[in-house]
Every structure is written in structure tokens, then in C-alpha cells.
Amino acid sequence: MRTRFWRTITVDEELRGLAASDGFISQAFEHVVGESSEAIPPIDLRYGETAFNERFHQDAANRCFYTTKGGLIGLGPSDSEIGDLVVVLLGNVLPIILRKEEEH
């Protein structure tokens with residue numbers, strides 16, 4: 001679960017769009033606060049100039065974490081709300097957040 005968390009917040013890519021290597025993901029563990037064993041641990045990204053840290057700051061701007069009813073985790077728009085739908089449309093690989101709007 002913990003590795004999935006780190007891969008989710010970086011879209012499983014290093015800088016320049018390369019697939020995330022195990023070394024890249026291991027950089028993430030340098031930012032875990034204390035000895036936390038939580039699946040989504042407290043992190044401190046105020047220090048260190050790692051490729052992971054740079055990628056995280058690039059991708060996490062104006063984003064929030066979410067979990068689905070099925071227990072999946074993701075990184076979505078900061079204005080996501082409880083009740084929004086998380087879907088993967090045919091032909092896409094990334095999830096999309098949908099919200100029911102009032103009738104016009």
C-alpha cells in the first residue's frame with residue numbers, strides 16, 4: 001500500500017516523464033516523519049533536493065488526496081468533494097473526477 005501511495009502522488013513517473021524507478025520511489029521514504037508504518041505516512045518535504053521532492057511539488061500543487069469506497073487512493077483537484085465520482089473513461093489510463101451539477 002505504501003509504495004502505491006508514493007507512485008500515485010507522482011503519477012508513477014520521474015521528472016521528464018520517465019517511468020518511476022525503484023530508486024526514485026525509495027527517495028520518498030527519506031521524507032517520512034519518524035518511524036511511521038502507516039500506509040499514508042506523515043511526510044516532511046521541506047528539505048532535500050531529490051528528484052522525488054521536485055516531482056511531488058510539481059504534481060501536488062492545488063491537489064488533494066482522496067480515497068474511494070473501494071479503498072483506492074488518488075490525487076485529485078483541490079476542490080474535490082465527498083460524493084464526487086472517480087471514473088476511468090474508456091481509452092484513458094488516469095481517473096477523472098465527475099460531479100453531478102444542478103439542472104440548468
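The values are calculated or read from the model by the stated rules, or taken from the named source; none is laboratory data. Since this is a predicted model, take the numbers as computed values, not measurements. Heads up: the accessible areas ignore ligands, DNA and RNA and are worked out on the full protein's heavy atoms, side chains in. Shrake-Rupley method; radii C 1.70, N 1.55, O 1.52, S 1.80 Å.
Annotations for the structure displayed:
- Length added when fully stretched, Arg7-Glu30, from 0.36 nm per residue minus Cα-Cα: 6.8 nm
- Taking 0.36 nm per residue of separation and subtracting the Cα-Cα distance, full extension of the segment from Gln58 to Leu98 would add 12.1 nm.
- Surface analysis of the range 59-104 yields an accessible area of 86 Å² per residue, using protein heavy atoms and a 1.4 Å probe.
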